[in-house]
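Can you keep this structure in mind? I'll have questions shortly.
Taken together, the values in this text are just the output of simple stated rules run on the coordinates, not laboratory data. Computed from a prediction, not measured in an experiment: that's the story for all the values here. Cβ sites come from the backbone with ideal geometry, for glycine too, and all protein chains shown count toward neighbours.
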Amino acid sequence: MTMISVMRVMGILAAVAFAGQIGLAAAADEPKTEEPKKEEPKKEAPKKAKKAKEAPPAAASGPGGGIQSNKAKASESPRLTQGVSCAGDMPKIKKISPDEGKTGDQVTITGEHFGQPGCVSMVSFGPGSSAKFTQANDTTITATVPDGKKGLAFLTVTGFTGEDTKPFLRK
């Protein structure tokens with residue numbers, strides 16, 4: 001494909017996406033007409049029946065027809081640390097101490113570019129064998145060896161900007 005053809009396709013896709021957004025916004029702003037409801041005779045509930053608790057609404061419609069959640073904002077989440085920057089070089093494992101162990105053993109991973117605490121998303125001892133870990137700082141992680149089969153496993157530290165792997169002997 002030539003560059004001009006690519007630009008035409010991108011322009012068409014952008015126009016379709018914009019038109020879809022305008023159509024959704026217009027549909028949300030249209031007033032809804034409701035048919036009058038027929039009133040039904042009220043029936044009394046038995047005296048022994050417990051009154052059901054009303055659940056809070058999951059989401060409420062705000063002005064303009066958009067949906068606004070009543071859940072906490074991501075910026076207020078205790079799991080997020082404000083002001084943490086995880087950008088930078090890829091993590092590099094320099095040393096695993098000890099470099100062998102059994103299930104439940106503590107392992108200290110020393111390296112560089114792990115980022116601030118919270119930037120490492122996973123430590124694993126082979127595929128499907130993620131470990132519980134604590135990131136102390138940019139250079140130190142402590143992990144617990146998870147269940148898994150004995151033998152050579154690849155300990156992998158996955159950070160925001162990439163991952164690094166070193167061999168680990170599981171006893």
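With no solvent and one point per C-alpha, what does the Debye sum give as log10 I(q)/I(0) for the range 92-170 at q = 0.13, 0.26 Å⁻¹?
-0.31, -1.29
Starting from the Cα-Cα distance between T140 and Q106, subtract it from 0.36 nm times their residue separation and give me the gain in nm to one decimal. Can you show the working numbers first?
Values: separation 34, 0.36 × 34 = 12.24 nm, distance 1.29 nm.
This chain segment gains 11.0 nm when fully extended.
In whole Hz, what ³J(HN,Hα) sequence does the range 86-95 give by Karplus (6.51, -1.76, 1.60; θ = phi - 60°), x for Gly and Pro?
9, 6, x, 6, 5, x, 9, 7, 9, 8
What does the highest-first list of 101-111, 85-95 look like by mean Cβ count within 10 Å?
Details: 101-111: 15.3, 85-95: 13.6.
Highest mean packing first, the order is 101-111, 85-95.
Here is a further query. Can you tally the net charge around D89? Count Lys and Arg as +1, Asp and Glu as -1, for every other residue whose Cβ sits under 15 Å from the Cβ of D89.
Details: positive: K92, K94; negative: E112, D138, E163, D164.
For residues surrounding D89, the net value is -2.
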